[in-house]
Every structure is written in structure tokens, then in C-alpha cells.
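Everything on this sheet refers to the single structure shown next.
Computed from the coordinates by the stated procedures, all read-outs in this text should not be read as laboratory data. Computed from a predicted model, the values in this text were never measured in an experiment. All Cβ positions, even for glycine, are placed from backbone atoms using ideal geometry, and neighbour counts span all protein chains on display.
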Amino acid sequence: MDIQGAIADQMGALTLHDVGGASVSVLFAVLLTYAAGLFARRTDREALHGHAAWAACIAAATVLVRGSLPLAVTLLAVLVSLRPSSDGTSADDRRLRLFALVAGVGCGSGASLIALVLLVPGAFLLRLASAPRSN
């Protein structure tokens, strides 16, 4: 097997031409979330970063399952496991768990490179969202 074949195997159902559009989709989801938060006069920057991280993860998950019913059903089953629990899990933990679930679905579906490209910006947003609060 050559290197191009190995790379193509890790792209899942997407092509190299889809990477740019997928990245723009994730970026627009984040920007629209920030714009909505600013329009709603939200002053809690950490919460706004957290919502942007949710938007990035959901946009990346949607790109990964585009056009694949079995993968969409798998993602739905995984997201059901994310439901809020009564054990006092913090919002930061739930965001990180969503990130891990989307990364796992993306890598498990054979789209490891696409998941890497789409979720790296989400990791930075998670870092911003979980930054220590200064009073």
C-alpha cells in the first residue's frame, strides 16, 4: 500500500476538497454563536466560549455524518449517552465528553484526518471555555 492510499483510507467518505468546506462550516458555527451571544449582550466570556465549543463540536459531528444514515444513527446513540446526569458533572466535563465522543465517532468511522482537522480548533475553544475564572 502506498502513502496516498493510506491517507485516502483515513478520509472516510469525504475527499480532500471537502476539508476546506468543512473547516468553513465549523468556523461559521463558532462565529454565529459568538455573534448571537454578543447580540444577546452576554457578558460571561467563559460561557460564550463554552457555547462556541459546543457549536464547533456539533458542526464537526454533522460534517462527519453527512450523507451516512448508519453513522448518523451511531452519533445519535452516542449523544444519548451524553445526557445530563444527576452526579453533578460540570459543564466543562460534559463539553469534554462531547468532544471525546465526536472524536471517537470520527476516528471510528475511518475519517481520522477529517476529525483531526475539524476538532483541533474545538480543542482551543475547550481550553478557552475551561480557563480558570478570575474574580
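Per-structure values
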{"quantity": "Relative frequency of Cα-Cα separations exceeding 27 Å in the chain, percent", "calculated": "24 percent"}
{"quantity": "Of the DSSP H helices in the chain, those whose Cα atoms cover at least 20 Å axially and whose Kyte score averages -1.0 or more", "calculated": "16-39, 45-65, 91-108, 112-129"}
{"quantity": "Three semi-axes of the equivalent ellipsoid, the range 17-76, Cα gyration tensor, whole Å, largest first", "calculated": "26, 13, 7"}
{"quantity": "Two-site FRET efficiency, Arg41 against Arg127, from Cβ-Cβ distance with R₀ of 35 Å, rounded to 0.05", "calculated": "0.90"}
{"quantity": "Mean Cα-pair separation over length for the chain, i.e. relative contact order, pairs under 8 Å, 6 or more apart, %", "calculated": "39 percent"}
{"quantity": "Net charge dipole size for the chain [Lys, Arg +1 and Asp, Glu -1 on Cβ; Debye, nearest 20]", "calculated": "500 debye"}
{"quantity": "Helix-only mean residue ellipticity at 222 nm for the chain, each DSSP H run of n ≥ 4 adding -39500 (n - 2.57), per residue, nearest 500", "calculated": "-24500 deg cm²/dmol"}
